[in-house]
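Notes for the one structure printed next.
The values are calculated or read from the model by the stated rules, or taken from the named source; none is laboratory data. All values derive from a computational prediction rather than experimental measurement. We place every Cβ from the backbone using ideal geometry, glycine too, and count neighbours over all the protein chains shown.
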Amino acid sequence: MRLVRVGPLPEGALEAAAEFHAKVVPLIAPYPWEDIALIFLPAPYDHRSWRLAAVQDLARAAAPARVNAIAGDDEAAIAAALAYLEGALGVTGQLLAL
């Protein structure tokens with residue numbers, strides 16, 4: 001699974017979404033035949049919807065590869081979530097908030 005650490009991004013949800021789509025999406029497209037885990041830094045509640053929509057759209061475009069995201073800054077929790085995702089082959093298009 002390829003890890004893509006995202007951020008830091010602007011504090012505003014609209015500005016953060018715009019920067020993500022302008023700077024991060026081109027790094028992972030065209031969609032490789034490998035699973036991707038995006039690692040987002042924690043953000044206010046209003047970032048959840050754009051993050052989830054982006055991950056779901058990326059997952060649909062990358063199928064059969066999987067795209068998931070993790071939001072958090074606790075490295076031990078991130079490692080545990082990545083270990084879970086490695087074994088959960090049917091999980092894609094999800095945003096796991098830690």
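Being under 19 Å from ALA13 (Cα atoms) and of a type in the set (Val, Ile, Thr) holds for only one residue in ILE39, ILE28, and it is ILE39.
When segment 13-25 is limited to residues that are in contact (Cβ under 8 Å) with a residue 24 or more places away in the chain and not aliphatic (A, V, I, L, M), the one that is surrounded by the most Cβ atoms within 10 Å (Cβ to Cβ) turns out to be PHE20. If you filter segment 41-69 down to residues that are over 17 Å from ALA97 (Cα atoms) and within 12 Å of the chain's Cα centre (by Cα), you find that the one that is surrounded by the fewest Cβ atoms within 10 Å (Cβ to Cβ) is ASP57. Restricting to segment 1-44, name every residue that is within 22 Å of ALA81 (Cβ to Cβ), modelled with pLDDT under 95 and aromatic (Phe, Trp, Tyr). Correct list: TYR31 only. For segment 26-40, a residue qualifies if it is surrounded by 14 or more Cβ atoms within 10 Å (Cβ to Cβ) and either among the aliphatic types (A, V, I, L, M) or out of contact with any strand residue (DSSP E or B) (no Cβ under 9 Å at 6 or more places or on another chain) (or both), and the qualifying residues are ILE28, ILE36, ALA37, LEU38, ILE39.
Looking across segment 40-91, just one residue is of a type in the set (A, V, I, L, M, F, W, C), more than 17 Å from ARG2 (Cα to Cα) and in contact (Cβ under 8 Å) with a residue 40 or more places away in the chain, and that is LEU52. Remark: pairs (first residue in segment 1-12, over 10 Å from ALA37 (Cα atoms); second residue in a loop (DSSP other than H, G, I, E, B) and at pLDDT 95 or above; Cβ separation under 6 Å; 6+ apart in sequence or on different chains) = GLY7/LEU41; PRO8/LEU41.
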